[in-house]
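For reference, the structure is listed below as structure tokens.
The values are calculated or read from the model by the stated rules, or taken from the named source; none is laboratory data. Please read these numbers as outputs of a predicted model, since none were measured by experiment. Glycine gets a Cβ as well: all are built from the backbone with ideal geometry, and neighbour counts include every protein chain shown.
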Ligand code: ADP
Ligand code: MG
């Protein structure tokens, strides 16, 4: 085995698990392989393909993936071909003949093709093994669901003696079980290699608004001039907007999303792989099948909808093992949007749960790598030292007054506001909504002017996380105070907040802010008219809070 590895692939040794996996296939037994992107999954079926008699059939979801693999196999002197719709008739006819004549060691094929050929070409071939690459595409729970993959179960039914190896970088338990069940795998051995990528640094920046985010990204990109990086955005429009924003700052970058023509997309991808452009602003459509080792950074302009997506996307950085950086921007706005998406989706509870795990990661104040790895079932016993929490352990302070100010403002609007209006009230900013509803008359108007908006965003996230209020997603995302929020509001408990770390200070107030003295403390929780009045306001709201 080692000799074959050296002769055909030029590698000196196996990576962890490769040898065991290869042996399992040579023994004609089924295997499920979970290995991070760049971990070396291909060898796990390519090497058995060389050692076994017959032709290995590899199911692969992308033509570009097949092309790359076939080219590199051929350059190593291995007979391989891909059967797909990008070939012309003669090419496909030649490949078919080579298959029947047993001239190929590996045949790459799309799932659609495979289903079409199952009673014809496949019957006439001598098949050594089936490999299902990117096997998470089989699962609705996965993030690249491909309906054709769900029919791959026929392989085991029609060819029960031929071993099946399924490979993916998506390791979560539901997906794993789904793959095994749908492929009817026969007592498969599951191989899970470490998902740790210690060379990738992990940073989360919370509560930034668009302007600060853009500034911060511009600065980051300039600091990393000449390095390749990807900026992932939630929507097609955002990719265009972020690209424009960077271009305005004199930074060139490409755009990639499913709304562009195939030609445009290929061009951008090619330019990026060949270092003609350094940066791509992209949706999640960008990445699968990109084998580029020197991506130095990945920025998430918006929060991904699950840890799997997040891990896959940051995993595109640093495949050469050199230090690489990742930054996730996390805001309350994104959280609300994603929650609403999840609620509207078919698999509400599963999607919401995945989102909550992502949220916990973003809000964590313990080592982020431990959280990430534990999501994939790996328990690490020590902190990584290469995430923002490890580098900058959070310190806490008594934030009771801050929390009271926010909660009091919510109550005074009869809980009829979302975060934006709340911050406007706290900051004493006049917007259409504020003046339209007369909120400038509230006692709490401007009581939080000493705290910049982006810090308010952060504190509000913390308060949400601490359970002081909830977001009524079915009521215009209005904020509703909880029982424990009421306790803080009426001085029955203390609220501890995490100190916000900023790279650079921002001006505390500017623009349309009306100057007036900022009360250091609200006279809340004390006997007196103010809290009586608040109690009154709350009494009327009791019913809506109860449910
Ligand atoms: P995956 O499919 O898991 O994302 P690949 O199979 O494409 O990963 O392999 C990623 C990179 O690692 C490739 O450049 C491959 O040539 C290299 N590689 C795989 N196995 C070894 C090995 N044993 N020694 C050195 N490099 C390897
Ligand atoms: Mg692969």
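If the condition is being within 10 Å of ligand 1 (Cβ to nearest atom) and at pLDDT below 95, then the range 7-18 contributes 9, 10, 11, 12, 13, 14, 15, 16.
Within the range 51-71, being crowded, with 22+ Cβ neighbours inside 10 Å and closer than 21 Å to residue 3 by Cα holds for 55, 56.
Residues of the range 457-483 that are over 25 Å from the mean Cα position of the chain (by Cα) and modelled with pLDDT of 90 or more: 468, 469, 478, 479, 480, 481, 482, 483.
Set side by side, the residues 55, 4 differ, and just one is away from ligand 1 (no atom under 13 Å from the Cβ), over 31 Å from the mean Cα position of the chain (by Cα) and on the phi < 0 side of the Ramachandran plot, which is 55.
Here the condition is being more than 16 Å from ligand 1 (Cβ to nearest atom), in a loop (DSSP other than H, G, I, E, B) and free of Cβ contacts under 8 Å to residues at least 60 places away in the same chain; of 226, 153, it holds for 226 alone. A Cβ distance below 6 Å, combined with a sequence gap of six or more or placement on separate chains, defines the contacts here; from the range 318-342, residues that are on the phi > 0 side of the Ramachandran plot reach no residue that is more than 16 Å from ligand 1 (Cβ to nearest atom). Exactly one residue out of 80, 31 is buried (at least 17 other Cβ atoms within 10 Å of the Cβ), over 29 Å from residue 177 (Cβ atoms) and in contact with a helix residue (DSSP H, G or I) (Cβ under 6 Å, 6 or more places away or on another chain), and it is 80. Per this entry, residue 217 is not counted among residues that are in a loop (DSSP other than H, G, I, E, B), touching a strand residue (DSSP E or B) at 6+ places or on another chain (Cβ under 7 Å) and farther than 25 Å from residue 137 by Cβ. Within the range 241-259, being in contact (Cβ under 8 Å) with a residue 12 or more places away in the chain and either over 11 Å from residue 282 (Cβ atoms) or exposed (fewer than 15 other Cβ atoms within 10 Å of the Cβ) (or both) holds for 245, 246, 249, 251, 252, 258, 259. Return yes when residue 290 is farther than 24 Å from residue 136 by Cα and surrounded by fewer than 23 Cβ atoms within 10 Å (Cβ to Cβ) and no when it is not. Considered against the rule, which asks whether it is farther than 24 Å from residue 136 by Cα and surrounded by fewer than 23 Cβ atoms within 10 Å (Cβ to Cβ), residue 290 comes out as no.
Among the residues of the range 26-41, which ones are within 15 Å of ligand 1 (Cβ to nearest atom) and touching a residue at least 40 places away in the same chain (Cβ under 8 Å)? The answer is 31, 32, 33, 34, 35, 36, 37, 38, 39, 41.
Only one entry of 170, 150 meets the criterion of being in contact with a helix residue (DSSP H, G or I) (Cβ under 8 Å, 6 or more places away or on another chain) and away from ligand 2 (no atom under 16 Å from the Cβ), and that entry is 150. Selection of the range 318-356 for residues being at pLDDT 95 or above and closer than 18 Å to residue 37 by Cα yields 323, 324, 325, 326. Take residue 408 and decide whether it is assigned to a helix (DSSP H, G or I) and surrounded by fewer than 16 Cβ atoms within 10 Å (Cβ to Cβ). No, not satisfied. Exactly one residue out of 97, 74 is exposed (fewer than 15 other Cβ atoms within 10 Å of the Cβ), farther than 24 Å from residue 287 by Cβ, within 16 Å of ligand 1 (Cβ to nearest atom) and without any contact (Cβ under 8 Å) to a residue 24 or more places away in the chain, and it is 74.
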